[in-house]
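Inspection log for the structure reproduced underneath, given as structure tokens.
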Amino acid sequence: NKFPQPTLGSTFPEKFVWGVATSAFQIEGAAFADGKGPSIWDDFCKQPGAIADGSDGLLACEHYQRWQDDLDLVASLGVDAYRFSVSWPRVRPGGAGAWNEKGLDFYERLVDGLLARGIKPYLTLNHWDLPSELQATGGWTDRNTVHRFVEYAQGIDRRMGDRLATITTHNEPWVMSVLGYEQGIFAPGIKSRAAAMQASHHLMLSHGLALQALRAQGSKARLGIVLNLSPVQAATDSDADQAQAHLEDGKLLRWYMDPLFKGHYPEDVIGHLGADAPVLHTGDLAAIATPMDFMGVNYYSRSVASANGPWDTRQSGHPLTEMGWEVYPEGLTELLVRMHTDYPVPPLYVTENGGAFKDLVQDGQVHDADRTDYIARHIEAVAQAMRQGVRMEGYMVWSLLDNFEWASGYAKRFGIVHVDYATQKRTLKDSAHWYSNMLHARKGRAAAASIPHNTTTP
Ligand code: GBH
């Protein structure tokens, strides 16, 4: 085998959770089927120039119709877990008011379908597709949205929480707030740093309040959040670059980790923000620091900080993915060890890791050696972190399927399963075969190990 085989036996315990991940807007399609309301991403796709290829999420992978076949595909891979998200406007179209039974039924069937196939459901409540009606009053900048989110969390937990392994409140609050409200390159397309920081605070507050509400109603699921994190390295050892790296680390990592685990926002970042710092109410920080049962990290690359403005990844000397992101697995070890060292973290998962690469489609096969190499090296980076004492519980590939890659549309493919959008045909790429072989081999070893050796047949 030309790919490094991770030594699963020695480093990863038998109960380590291997999975694949998706999100609702990126795969479901059926944007207005069965009573679903519009989300801010349905709206954003209509803004001229917002999506690179002019596409939208109306059809996506048609997962809403094809979910049973897709779950069979997930099962065939031999994974332990499937991470997916619920579309809030599918289950409560206006974000408040009436619930949509057909939407709730869809996710309940999905959860039961996973359990029937022996796969643990890892549910995310908010993977960015806020109901449009809540955006009309300011979206995440409006404190009202916090309370609507808590109700949404309670409704999902009441309906299916008894069958979920975990509930994640938010996927990547940094992306939602900074890319959505400051840079405006993601929905809702706003360009205001003050709005972004207020949105960020409300996302974190709603996370903490949702945890409290779910615990109060006796939720059986383990509860946590998912952050997109990277180690931030200085481009040079000059004082200016080091200072820039410290600030960027403050905005990306400490801005979220400090309130979650230390009960306050980082002072240097608050100072840097000045008048753009968020408005807090008494008790908000205590709510955000509500203990979690697990935490997820989405890791794609490192970040390099330079005082001279954005650092061009092409000068790194490392291979780049189709997104222009460096392939830098060492950064994952560095990040996990740092989280474990600097914060009292609960058990950690890598909830997303993967890359957009050029696939070679040939004779019914899809060759993606770069993706296999990327995944293998990052799994090895997780193993390295575990050997240094980090408590890791699982690893999930982003993504199960090629899908709607947000502002990049369908042009960038992250799947380990290829989707031919003209026919919706799914084809396992070489990386899926590699991942699946590894997981089946592991199951084989586990089964062999559980056969009692010293028994004699009568
Ligand atoms: C995730 O976000 C999303 O959760 C998922 O829905 C999405 O499909 C997937 O990643 C792939 O994009 O320019 O080198 O500094 C990823 C969050 C934040 C990761 C910005 C890359 C910039 C890398 N991204 N980050 S770089």
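The values are calculated or read from the model by the stated rules, or taken from the named source; none is laboratory data. For clarity, every value in this text was computed on a predicted model and none was experimentally measured. Quick reminder, even Gly has a Cβ in these numbers, built from the backbone with ideal geometry, and neighbours come from all protein chains shown.
For the reader, a short list of remarks on this structure follows.
- Whichever residue in the stretch 301-343 is of a type in the set (Lys, Arg) and more than 9 Å from the ligand (Cβ to nearest atom) and, among such residues, is farthest from residue 370 (Cα to Cα): 338
- Taking the stretch 408-436 as the range and being closer than 13 Å to residue 59 by Cα and in a loop (DSSP other than H, G, I, E, B) as the test, the residues that pass are 409, 410, 421, 422, 423, 424.
- Residues of the stretch 388-407 that turn out to be part of a loop (DSSP other than H, G, I, E, B), in contact with a strand residue (DSSP E or B) (Cβ under 8 Å, 6 or more places away or on another chain) and surrounded by fewer than 22 Cβ atoms within 10 Å (Cβ to Cβ), as a count: 2
- Within the stretch 354-364, considering residues that are touching an Asp or Glu at 6+ places or on another chain (Cβ under 8 Å) and part of a loop (DSSP other than H, G, I, E, B), the one nearest to residue 295 (Cα to Cα): 355
- Within the stretch 74-122, being within 30 Å of residue 12 (Cβ to Cβ) and among the acidic types (Asp, Glu) holds for 80, 112.
- Hey, residue 92 buried (at least 23 other Cβ atoms within 10 Å of the Cβ), over 24 Å from residue 411 (Cα atoms) and of a type in the set (Lys, Arg) or not: yes
- Residue satisfying all of: in the stretch 365-387; among the acidic types (Asp, Glu) and in a helix (DSSP H, G or I); farthest from residue 320 (Cα to Cα) among these: 380
- Test: residue in the stretch 91-108 that is in a helix (DSSP H, G or I) and touching an Asp or Glu at 6+ places or on another chain (Cβ under 7 Å): yes
- Scan of the stretch 219-262 for residues that are more than 14 Å from the ligand (Cβ to nearest atom), out of contact with any Leu (no Cβ under 8 Å at 6 or more places or on another chain) and in a strand (DSSP E or B), ordered by number: 222, 224, 234
- Test: residue in the stretch 340-347 that is crowded, with 20+ Cβ neighbours inside 10 Å and under 20 Å from the mean Cα position of the chain (by Cα): no
- Taking the conditions (1) in contact with a helix residue (DSSP H, G or I) (Cβ under 6 Å, 6 or more places away or on another chain); (2) without any contact (Cβ under 8 Å) to a residue 40 or more places away in the chain in turn, residue 388 satisfies each one other than (2).
- When residues of the stretch 1-28 are limited to those that are buried (at least 21 other Cβ atoms within 10 Å of the Cβ), modelled with pLDDT of 95 or more and assigned to a loop (DSSP other than H, G, I, E, B), the one nearest to the ligand (Cβ to nearest atom): 23
- Taken across the stretch 96-113, residues that are of a type outside the set (Ser, Thr, Tyr), under 30 Å from residue 280 (Cβ atoms) and free of Cβ contacts under 8 Å to residues at least 12 places away in the same chain do occur, with at least one present.
- The numbered conditions (1) touching a residue at least 60 places away in the same chain (Cβ under 8 Å); (2) more than 16 Å from residue 329 (Cβ to Cβ); (3) among the small types (Gly, Ala, Ser); (4) within 16 Å of the ligand (Cβ to nearest atom) are all true for residue 364 except (4).
- For the stretch 112-135, the count of residues that are within 16 Å of the ligand (Cβ to nearest atom), in contact with a Leu (Cβ under 6 Å, 6 or more places away or on another chain) and either of a type in the set (Asp, Glu) or closer than 15 Å to residue 24 by Cα (or both) is nonzero.
- Condition broken by residue 209, with the remaining ones in (1) crowded, with 24+ Cβ neighbours inside 10 Å; (2) over 20 Å from residue 136 (Cα atoms); (3) away from the ligand (no atom under 16 Å from the Cβ) satisfied: (1)
- Scanning the stretch 160-218 for residues that are within 20 Å of the chain's Cα centre (by Cα), in contact (Cβ under 8 Å) with a residue 60 or more places away in the chain and in a loop (DSSP other than H, G, I, E, B) yields 165, 172, 185, 186, 187, 188.
- Long-range neighbours under 8 Å by Cβ, at least six apart or interchain, first residue closer than 14 Å to residue 77 by Cα within the stretch 392-412, second of a type in the set (D, E, K, R) and away from the ligand (no atom under 11 Å from the Cβ): 400/70; 401/70; 401/426
Okay, residues lined up against (1) of a type in the set (A, V, I, L, M); (2) closer than 30 Å to residue 442 by Cα:
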{"position": "46", "(1), (2)": "no, no"}
{"position": "52", "(1), (2)": "yes, no"}
{"position": "56", "(1), (2)": "no, no"}
{"position": "69", "(1), (2)": "no, yes"}
{"position": "73", "(1), (2)": "yes, yes"}
{"position": "77", "(1), (2)": "yes, yes"}
{"position": "83", "(1), (2)": "no, yes"}
{"position": "87", "(1), (2)": "no, no"}
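- Residue in the stretch 411-419 that is within 16 Å of the ligand (Cβ to nearest atom), under 25 Å from the mean Cα position of the chain (by Cα) and of a type in the set (Phe, Trp, Tyr) present: yes
- Residue check for residue 432: in contact with a Gly (Cβ under 9 Å, 6 or more places away or on another chain) and modelled with pLDDT of 95 or more: yes
- Test: residue in the stretch 171-186 that is closer than 22 Å to residue 86 by Cβ and either away from the ligand (no atom under 16 Å from the Cβ) or of a type in the set (Asp, Glu) (or both): yes
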